[in-house]
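Let me begin by presenting the structure, written as C-alpha cells, before commenting on it.
Derivation of every value follows stated rules applied to the coordinates shown; laboratory data play no part. Only a predicted model underlies this, so the values are computations on that prediction, with no experimental measurement involved. Cβ sites come from the backbone with ideal geometry, for glycine too, and all protein chains shown count toward neighbours.
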Amino acid sequence: MGVKAIFTQAGQDYWIDVAAFMHDHHDWEPAYFVGNPATRDRVRSLFPNAVFLDNKEAVRGGGSTECRRYPVRTPDQPTLEALAVFESIYLKMLDRFNSRGSLNYHRRIHSWHAQLAHWLGVFEELKPDVVVFPTEPHMGYDWAIFAICTYLRIPTVNFIRTGFPCRVLAAPRFDKPCTEIIEEYRRLQAEDKDSDVELCESFDAQLQRLKQDYSGAMPFHQRLKFGRMKKGGVLSSRTRLYGKVLRDAAANLLRGRARENLKKDFRDGMDRVLRHGLQQAYDRLTSEPDFQKPFVFVALQCDPERQCCPCGGFYGHQELMVRLLAECVPEGWEIVIKEHNSMFRMHQKPERARDPSFYERLAEFPNVRLVPLTYTSFDLIDAAKATATVSGTVGWESVVRETPALLFGHSWYRGCEGVFAVRSRAEVIEALGRIAQGATVDRRRVRLFAKAVQNRTVDGYVDKIYSQMSSVPREENVRNLGREIHRVYMKQNTKSMS
C-alpha cells in the first residue's frame, strides 16, 4: 500500500496536480483533501476513494456527508494537556473570523474542542502517513491538524515563502529553524575564500532593491494588493463612511438585491467605520521620532494574518513583544513603533483583532513612541540601533540594510547574520546588550545566507497571490513542489526507521 496522505488548503487546482504527481511518481495514496469546492469534481475523478471537505465547512468545524464515515473522538484531559500550547494559539487565530466581537471565549474554546474531536476521529480511522500544508497552518482547522500531527508524531511537509520572488522552502515544520539552510550557510562560511559571493540574477536584483528606497522595494504581495485597490482605498472620514454605508444600502435596496447580500454589504460598511475609528486612535497617539536618541524600531504586523499567528507563536500577541522590549532596552533608549502600512487598508480586517485600547496601552510606556504612517520602514530601519519583529519581512530588510534585527517568532531568515532569534527575557537582554556594545551586520555574510537560501529552495508558488505573479510554468511548479514533498517526507521517514 502507498503512502496515505492528507492535503490541507488544497484550494488551488494545481495542488490536485501535485497530489497526482505524488501518486504517479512516488506511489502516494491521496486519501483526504480540504479545499475549494471548485476542485471537488476533479478530486473525485482522479481519486475516487478520497474524502473531500469544503474548506468553509472545515473552518466551521463541520463535516460533509462523506466525512461522517469517521468517528468523533472527544479529547480527554491528557490529550488536552498535551495540546495546551496549541490551544492558546488557536484561540488567537480565530480573530480572523471575529466579526464585530462575535467570537467570545466560550465559542472559541468550543470550536477548539470540536475541531479536535473531528480530526482525532479522522486520524484514528484513516491512519495517515503524512500531512501536506501548502502554507503555514492558519485557518483554525489546519492548526488542529498540525497539533494532532505533533501529538501523534505524524510527519508533515510545510511550504514557506521566502523574501525572494517566487522562491519557496519545504521543511518538516514551519515553527523550527530550517536546518538545511543553516547547514548550507555554515558550509558556505567555512569554505569562504573572501571572493565575490555570486548569486543568480533574481537574487542579486532583490538584494539591490532592498538597499534602495522603499517605493522600489515594497514586498510583492503588498504591491499586488495595493494595485488592486480602488480609488479611495485608504479610509476617509467617518462621516463620509457613514454616508457611503447608507447610500450603498439604499441603492442595493432599489436594485432588489437579496436580503442576505444587503446584510453583508451593511456589515462590511460598518466594519469600515470600525477600522476608521482604529486608525483615528492610532493617529491621535503618534508623534515625530527623535532620531538623535537611540531606539529600537518595532514594525507591527497586520493582524489578523498568518505571519502574526501562528508564525509569531505566543508573540502573535504583539503587545507582549513591545512590553518586553520596553522593560529591557538600555536606559535612554526608546521603542519606536510604526503600524503596518496596509493595516488600515480596505482589504484588511484589523477591527477583528484590535481595538483602540491596544494602542493606548502601548503608549502608556514612557519609553515607547508611536510614529506617523508617513514614515517608511526604511526611514526607521536606517536610523535605528536595531529592529524588532514577530516574523515580518522587516527583519530581513533590516539586515540587508546592515541594521541588526530581533526576531521573536518563526521566519525563513532565522539564523542569518545579524538576526537575533529571541524567545526569553534573558535572550532579549543579551541581544540588546550586544547591540548596545556595537554589534554590526556583515554585509558579506548576509549575501552568503542569501546564497544558502538560493541553494536550498526551489522556484515555485504555493498560494493564489504568488501564482498570479510567477513566471514559473504550471508543470514546472507541480514538479518542483512534488519533488520537495518527497524529499522532506523521505528524510523524516528515514529518521523514524533508524
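Dipole orientation for the chain: of the candidates Ala299, Trp119, Ala450, Trp119 has the Cα lying most toward the positive pole (charges on Cβ; Lys, Arg +1; Asp, Glu -1).
If Lys and Arg each add +1 and Asp and Glu each add -1, what is the summed charge of the other residues whose beta carbon sits under 10 Å from the beta carbon of Val3? Write down the numbers at each step before the final one.
Numbers: positive: Lys4; negative: Asp27, Glu29, Asp129.
My count for the surroundings of Val3 gives -2.
If you count, for each residue, the other Cβ atoms within 10 Å and average over each peptide, how do 374-383, 191-200 line up from highest to lowest?
On the way: 374-383: 18.2, 191-200: 10.1.
Most protected by this proxy first, the peptides run 374-383, 191-200.
Each of Ile337, Ile465, Ile485 has some number of other Cβ atoms within 10 Å of its Cβ, and from fewest to most they run Ile465, Ile485, Ile337.
In the set (1) 42, 27, 22; (2) 43, 23, 22; (3) 35, 32, 22, the label that goes with semi-axes √(5λ) of the Cα gyration tensor in Å computed for this structure is (3).
Putting +1 on Lys and Arg Cβ atoms and -1 on Asp and Glu Cβ atoms, find which of Ala10, Gln212, Pro172 reaches farthest to the positive end of the dipole of the chain. After comparing all options, I get Ala10.
Spin-label model, Arg187 to Lys491: label points 7 Å out along the Cα-to-beta-carbon direction sit 1.1 nm apart.
How many percent of DSSP beta bridges within the chain run antiparallel, rounded to 5?
Numbers: 7 of 40 bridges.
Given both bridge residues lie in the chain, the antiparallel proportion sits at roughly 20 percent.
For Arg323, neighbours were defined as the other residues whose beta-carbon sits under 14 Å from its Cβ, and their charges (Lys and Arg +1, Asp and Glu -1) total -2. Counting neighbouring beta carbons within 10 Å and listing from fewest to most, the residues Thr457, Thr389 come out as Thr457, Thr389. Express in whole angstrom the spacing between the alpha-carbon centres of the stretch 413-460 and the stretch 139-193. Comparing the Cα centres of the stretch 413-460 and the stretch 139-193, I get a distance of 17 Å. Each Lys and Arg adds +1 at its Cβ and each Asp and Glu adds -1 at its Cβ; summed about the Cα centre, the chain shows a dipole of about 1640 debye. Residues Lys464, Lys491 in ascending order of nearby Cβ atoms (within 10 Å, fewest first): Lys464, Lys491.
Between the listed residues Val368, Tyr461, Gly140, the Cα displaced farthest toward the positive end of the dipole of the chain, a dipole computed from Cβ unit charges relative to the Cα centre, is found at Gly140.
With respect to the cross-link table entries Lys56/Lys491; Lys349/Lys464; Lys338/Lys464, which display a Cα-Cα separation exceeding 25 Å? Checking Cα-Cα distances, Lys56/Lys491; Lys338/Lys464 exceed 25 Å.
Each Lys or Arg adds one and each Asp or Glu subtracts one; over the other residues with Cβ under 12 Å from the Cβ of Arg414, this totals 0. Hydrophobic, long helices, defined as DSSP H runs whose alpha-carbon span along the helix axis is 27 Å or greater and whose mean Kyte-Doolittle value is at least -1.0, occur in the chain at 105-126.
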